[in-house]
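Step one of this worksheet: look at the structure below.
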Amino acid sequence: MRVRVDPLVCEANAVCVGLAPDVFDLDDEDELQILRPDVPPEDADRVRHAVRSCPKAALTLDE
């Protein structure tokens, strides 16, 4: 499973950061960084929830 962000859509609301802080982070310029784009199986449910919770639908999951 791999997670991606569309930087043109992302508004850095940080919902994903709150749900999976070990996978997502905001840098000093408030741009979303994906710390672990290849999601380990044990984090799959949390990352799926973060992707579904994105208010701008800026995250994509390739399974």
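Brief remarks on what is shown
- Taking every residue in region 21-37 that is basic (Lys, Arg) and pairing it with any residue that is open to solvent by 50 Å² or more (accessible area, probe 1.4 Å), at least 6 positions away or on another chain, the pairs with Cβ-Cβ distances below 9 Å are Arg36/Asp22.
- Yes/no for Ala50 being on the phi > 0 side of the Ramachandran plot, touching a strand residue (DSSP E or B) at 6+ places or on another chain (Cβ under 8 Å) and modelled with pLDDT of 95 or more: no
The values are calculated or read from the model by the stated rules, or taken from the named source; none is laboratory data. In this text the structure is predicted, and so the values were computed from the model without any measurement. When we count neighbours, we look across all protein chains shown, and the Cβ atoms used for this are built from the backbone with ideal geometry, even at glycine. All accessible areas refer to the heavy atoms of the entire protein, side chains included, with ligands and DNA or RNA removed. Shrake-Rupley method; radii C 1.70, N 1.55, O 1.52, S 1.80 Å.
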